[in-house]
1. Given a Förster radius of 51 Å and the C-beta distance between residue 470 and residue 396 as r, what FRET efficiency does 1/(1 + (r/R0)^6) yield to the nearest 0.05?
2. Which whole-Hz ³J(HN,Hα) couplings does the range 178-186 yield from phi under the Karplus relation 6.51 cos²θ - 1.76 cosθ + 1.60, θ = phi - 60°, glycine and proline marked x?
3. For the pair residue 43 and residue 502, how long in nm is the line joining their label points, each one 7 Å along Cα→Cβ?
4. I need the per residue convex hull volume for the chain, using only the alpha carbons, in cubic angstrom as a whole number.
5. At 7 Å along the Cα-to-beta-carbon direction for both residue 20 and residue 640, put a label point, then send me their distance in nm to one decimal.
6. In nm, to one decimal, how far is the residue 261 label point from the residue 328 one, both placed 7 Å along Cα→Cβ?
7. For a Förster distance of 41 Å, can you work out the FRET efficiency between the beta-carbons of residue 52 and residue 160, rounded to the nearest 0.05?
8. Taking 0.36 nm per residue of sequence separation and subtracting the Cα-Cα distance, how much length would be gained by fully extending the chain between residue 490 and residue 301, in nm to one decimal?
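No lab work stands behind these numbers, since they all come straight from the coordinates. In this text the structure is predicted, and so the values were computed from the model without any measurement. No Cβ is skipped: glycine too gets one built from the backbone with ideal geometry, and neighbour counts run over all protein chains shown.
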Amino acid sequence: MSARKSPKAEASALRAEIREHDRRYYELEAPTVADAEYDALVARLKALEKAHPELRSPDSPTEKVSGAPASSFAPVKHARPMLSLDNTYNEAEIRAWGDRVLKNLPPGDQPLYILEQKLDGLSCALTYEKGRFVRAATRGDGETGEDVTENARFVGNVPLELKGPGIPEALEIRGEVVLFFEDFKTINEEEQRAGREPFVNPRNCASGSLRQKDPQVTKRRHLKFFVHSYGDWKPDHAFPGHSAFLEGCRRLGFSVEPFTKAGSIDEVVSSYNAFRDEGVAKLPYAVDGLVVKVDSFAQQKRLGFTAKSPRWAVAFKYPAQQATSVVRDVEFPVGRTGAITPVAKVEPVFCAGVTISSVTLHNFEEIERLGLHLGDRVLIERAGEVIPKVVKVVERKKGGRAIAAPSKCPDCGSPVVKEEGLVAYRCDNVSCPAQLRRTLEHFASRPAMDIVGLGDSAVDQLAGKGLVKDVADIYGLTKDQLLGLELFADKKADNLLAQIEASKAKTLDRVLFALGVRHVGEKTAETVAERMDLDALLKATTEDFQAVPDVGPVVASSLHAFFASKAGKDLVARLRKAGLTMAKPERVIAAGAPFAGMTFVFTGALTKFTRDEAEEKVKALGGKASGSVSAKTTYVVYGEDAGSKLKKANELGVKTMTEEEFQRMLP
Ligand code: IVH
């Protein structure tokens, strides 16, 4: 940003830039700047507005940040992981789940089920000390969330002080933050009036409203919180089960969504059918399934957990949402490998919470299977986050034009070929500009070389001007060349060059993935790079590649074709010359690291390991195992019938965990 600009012009340019980044982050999910760069722009704008109060404006991004990057929140490590739920999609699957529950309980121990809606919002854990709200954390990756305490104070129905009697000393409860349809509609109308892009669905809006920096924004968004699960309650509560726990939460002042009970899976199924066919449409918020939970805590304890989810609860998902629309056009974008994926352009239609105007057709066989013609009305399905697809043609347009595969690449005009035995049509030109752009975008992408600032628009300009003809050319770019492009002012050019420089240190696994060798995904690249260094790759035969675990003949011959080819060898040589180190990756979990500095005590009857095995595991991961509990103990892991050690741990405030929880800590 030039220092010579007037403050007004600079503020206006900053606002435009920040809004564009917000759009890329929240709507396109394709940010082009690092979090810290974004924060710096906002800080600069704030400083300007402070120095020149006449520049302040209610629609400035500083007044209403539409979303702040996750890294701007302090991390919160959850005392116990926030798990997810297994999904079932039909009657047979829910019955199979019910059978597994019965099998794992003593004969005749019939469970009572609690049925709740699966709210489509974001998970949040609230912590209270002596009845006062002290912290809110998002679920994050399940282990560590983001501290959103200040914003959560403004989630309308979150009590800041609990109601007695029976206020626990320490309480952590978990639930869902949601936005009611009505509020969502109002917010989006306001967004549109202010000339901003509307939010795609209530969940995104709820998430953006809680995970941004200004509590006043949260306040205006009218979010709601509903308790759905237990975290911690000290001293120990005496609830026999989940429904009593929920009632307890209600008495303390929390909102709990209405739940029903079912005595058998038959009853679960009939409730599900009734909700799906009628009940759900009447709810004021978005839900995507029914959650079925075993009520009794004793039974829950017996059933336990798998690595990711409880065995005593399951989601019974409602069908993916569908809508119909008319196909107006079909486009043929060319991918990185030259494959052409037909995409139907349909009249915009609202489906499963978003407006859809593009629908994938996968390949030309699919078009044939559907019997699709231009002008046909089609049934579209969007299940969860999956790209929408056409399920079937529901109304044929008389005389509608057939859709044929293009004979020429829409981008470079080269002939399009169909490989024997494969469904994909592809552009035959290895120097196709569309392929080059996709290849460069892939190379720079986050899981590959992670070159921030080399997104679609930068790639378009660099490739368009002929400055970059392959990935190695990226490393020859100069500042003067960048400054010659529309997109790059001084600082931006420096940033990109610094990013390119930093990428030279990426390890071989990342480079191998970035090169985009066909069939080589992130995992394969990692497995191969852990076993072969760069020189080995260049010399390897197909058999050598196939000797790597999980590498089959197709992947092996693709790797061989690349590294044995002159083009492949030349490219690698140029990358080396440019200064890429391409070192073999270190094993990420260095033995000993995870439990370093921790002391574990095992007590009670363990069922998953012998005590010796458990202690061995702790030592192998760098921790200490001890026979007695003291204030220095990090964790007491307890099995059935644990006695005095568990009691002592509780007295000393030492963290305790079940065997299952311990198991989940293991890598
Ligand atoms: S119980 C151990 N109940 O769904 C997991 N979760 O896929 C306990 N969710 O992260 C979760 N409504 O955020 C539970 N009534 C409900 C729910 C619910 C929505 C979310 C929750 C969780 C995700 C699991």
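1. 0.65
2. 10, 10, 6, 3, 4, 5, 4, 4, 4
3. 1.5 nm
4. 208 Å³
5. Using points 7 Å along Cα→Cβ, the separation is 6.6 nm.
6. The modelled label-to-label distance comes out at 5.5 nm.
7. E between residue 52 and residue 160, to the nearest 0.05, is 0.65.
8. Between residue 490 and residue 301, full extension yields 61.9 nm more.
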